[in-house]
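First comes the structure, then the notes that go with it.
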Amino acid sequence: MNGIGEFFAENPMAVVIAAGEIGFWVVIAAGLAVRYVLRARRASAVLLATVPLIDVVVLVATAADLAGGAKANFTHGLAAVYLGFSVVFGPSLVRWADERFAHRFAGGPPPPPKRRGREKARHEWREFFKCLLACGLAAVALLAAIWAIGTPEQVAPLWGWFPRLGTVTVIWLVTGPVWEELFGKREEVRS
């Protein structure tokens, strides 16, 4: 446990990213609790509307850290990736949580059944294209940081994120839509 404390002490941006991720889920849970338990839809809408502000806080903290002369490291790149994936996948995560919260606490309909067949394959392709978009946004954020900082020694670790983004994309492609196309269960066609 002491190693984790040392890591966070040496990498304050890791604390910001961890707090951002925890904050993301806390705000969503609070917004949904206010909506379905307290039945305050307006207050819930305001709370849920603040979710993107968490991304802004992580972005501003990263920019301030780098502008203050910090040497870019793994966590600065992770902040860019967090931003890209949070922006792209955040709304669907909120919808997912909302469906389950409404069913559990407000007598809403059950979540949709698991996808199968072609519907599952189409879903996997949509999610893969969202992954591409998220990686693209992360790459733009990384390039913006590299351009803004400008000194090669300071930004060298950020360049290392581009192969990682490529690796994530390939793994997602193979384990998602390609796997589903090749090995997914197909619905039987009845004549």
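The values are calculated or read from the model by the stated rules, or taken from the named source; none is laboratory data. Note that this is a predicted model, so its numbers are computed, not measured. Cβ atoms come from the backbone with ideal geometry, glycine included; neighbour counts cover every protein chain shown. Accessible surface areas use protein heavy atoms only, side chains included; no ligands, DNA or RNA. Shrake-Rupley method; radii C 1.70, N 1.55, O 1.52, S 1.80 Å.
Determine which single condition Leu32 fails, assuming it passes every other condition in (1) over 17 Å from Ala138 (Cα atoms); (2) open to solvent by less than 20 Å² (accessible area, probe 1.4 Å); (3) in a loop (DSSP other than H, G, I, E, B).
All conditions pass for Leu32, except number (3).
Would it be correct to say that Ala63 is in contact (Cβ under 8 Å) with a residue 24 or more places away in the chain, of a type in the set (Gly, Ala, Ser) and farther than 30 Å from Thr175 by Cα? Reasoning before the result, please.
Numbers: in contact (Cβ under 8 Å) with a residue 24 or more places away in the chain: yes; of a type in the set (Gly, Ala, Ser): yes; farther than 30 Å from Thr175 by Cα: yes.
Against the criterion (in contact (Cβ under 8 Å) with a residue 24 or more places away in the chain, of a type in the set (Gly, Ala, Ser) and farther than 30 Å from Thr175 by Cα), Ala63 qualifies.
Checking Ala9 against (1) assigned to a helix (DSSP H, G or I); (2) under 20 Å from Asp98 (Cβ atoms), which test does it fail?
Answer for Ala9: the failing condition is (2).
Within region 109-165, how many residues are open to solvent by less than 90 Å² (accessible area, probe 1.4 Å) and in contact (Cβ under 8 Å) with a residue 12 or more places away in the chain?
33
Give the residue, chosen from Ala14, Ala43, that is over 28 Å from Leu142 (Cα atoms) and touching a helix residue (DSSP H, G or I) at 6+ places or on another chain (Cβ under 7 Å).
Details: Ala14 fails: over 28 Å from Leu142 (Cα atoms).
Answer to the selection: Ala43.
Table: residues versus (1) assigned to a helix (DSSP H, G or I); (2) open to solvent by less than 30 Å² (accessible area, probe 1.4 Å); (3) of a type outside the set (A, V, I, L, M); (4) within 28 Å of Leu182 (Cβ to Cβ).
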residue	(1), (2), (3), (4)
Pro52	yes, no, yes, no
Ala63	yes, no, no, no
Leu66	yes, yes, no, no
Ala80	yes, yes, no, no
Ser86	yes, yes, yes, no
Phe89	yes, yes, yes, yes
Asp98	yes, no, yes, no
Ala102	yes, yes, no, no
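Being under 14 Å from the mean Cα position of the chain (by Cα), in contact (Cβ under 8 Å) with a residue 24 or more places away in the chain and surrounded by fewer than 18 Cβ atoms within 10 Å (Cβ to Cβ) is the requirement here; does Val58 meet it? Give the steps one after another, and end with the answer.
On the way: under 14 Å from the mean Cα position of the chain (by Cα): yes; in contact (Cβ under 8 Å) with a residue 24 or more places away in the chain: yes; surrounded by fewer than 18 Cβ atoms within 10 Å (Cβ to Cβ): no.
The answer is no for Val58.
So Phe7 fits all but one of (1) in contact with a Ser or Thr (Cβ under 8 Å, 6 or more places away or on another chain); (2) hydrophobic (A, V, I, L, M, F, W, C); (3) open to solvent by 20 Å² or more (accessible area, probe 1.4 Å); what number is the exception?
Going through (1) in contact with a Ser or Thr (Cβ under 8 Å, 6 or more places away or on another chain); (2) hydrophobic (A, V, I, L, M, F, W, C); (3) open to solvent by 20 Å² or more (accessible area, probe 1.4 Å) one by one, Phe7 breaks only (1).
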